[in-house]
Amino acid sequence: MTTTQPVRIVPLHTTEPNRRRGGDLRAMLTPTTVGATSGFMGVALIQPGERIGEHYHPYSEEFVFVVNGELEVDLDGVTHELRPDHGLMIPRDMRHRFRNVGSSEARMVFHLGPLAPRPELGHVDTEETGAPA
């Protein structure tokens, strides 16, 4: 069996930074960029002392893989340590936030699926991050 969908490679440096929720979130493989139909993947770049504000996903599970750095994640108010080569699955509707507690940039890959019926329904913020506009 062969597919008719073209292969798409998206270099990180070609993606736009998103700092609205804290950190630098880069949506890389999405319905818009590659025609994804079941979810999307991105990378979070979090500098020392930065955080990604608390939020939840009403339609999606989130899968996280820590590439480097020292992170803490709060899952429904309970703090857990995340280090390089750790994977995490965050269930649908679970409130979560990430903090870089180390002295160097933290990088984590994230994947959400399935997709929400509309993009604006996929992510619910539960706190302000104080991130620059």
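The values are calculated or read from the model by the stated rules, or taken from the named source; none is laboratory data. The shown structure was predicted, so the numbers you read here are calculated from the model rather than taken from an experiment. Every residue, glycine as well, gets a Cβ built from its backbone with ideal geometry; the counts of neighbours run over all protein chains shown. Please note that ligands, DNA and RNA were not included when accessible areas were found on the heavy atoms of the full protein model with its side chains. Shrake-Rupley method; radii C 1.70, N 1.55, O 1.52, S 1.80 Å.
Could you calculate the contour length gain from D76 to Q5, that is, 0.36 nm times the residue separation minus the distance between their Cα atoms, to one decimal place in nm?
21.7 nm
Taking the range 12-54, how much of its Cα-Cα pair set, in percent, is spaced more than 14 angstrom apart? Here the long-distance tail beyond 14 Å is 50 percent of all Cα pairs in the range 12-54. Model label points for T126 and E105, set 7 angstrom from Cα along the Cα-to-Cβ axis, are 3.0 nm apart. Calculated from the alpha-carbon coordinates, the range 43-133 shows an Rg and a Dmax of 12.7, 39 Å respectively.
Using a 1.4 Å probe on the protein heavy atoms, what percent of the accessible area of the chain belongs to carbon and sulfur? Answer for the chain is 54 percent, counting heavy atoms of protein chains only. Ranking H80, I9, F65 by how far each Cα lies toward the positive end of the dipole of the chain (charges on Cβ) leaves I9 at the top. Computed extension gain for D93 through S38, at 0.36 nm per residue and net of the alpha carbon distance, reaches 18.0 nm. In the context of the full protein assembly, M41 retains an accessible surface of approximately 40 Å², using a probe radius of 1.4 Å and ignoring ligands and nucleic acids.
Please give me, ordered by residue number, the trypsin sites (Lys or Arg not before Pro) of the range 62-102 that lie in loop per DSSP and have at most 16 other Cβ atoms within 10 Å. Please report the intermediate quantities before stating the final value.
On the way: sites: R92, R95, R97, R99; in loops: R92, R95.
For trypsin sites (Lys or Arg not before Pro) across the range 62-102 that sit outside H, G, I, E and B with at most 16 neighbouring Cβ atoms in 10 Å, the list reads R92, R95.
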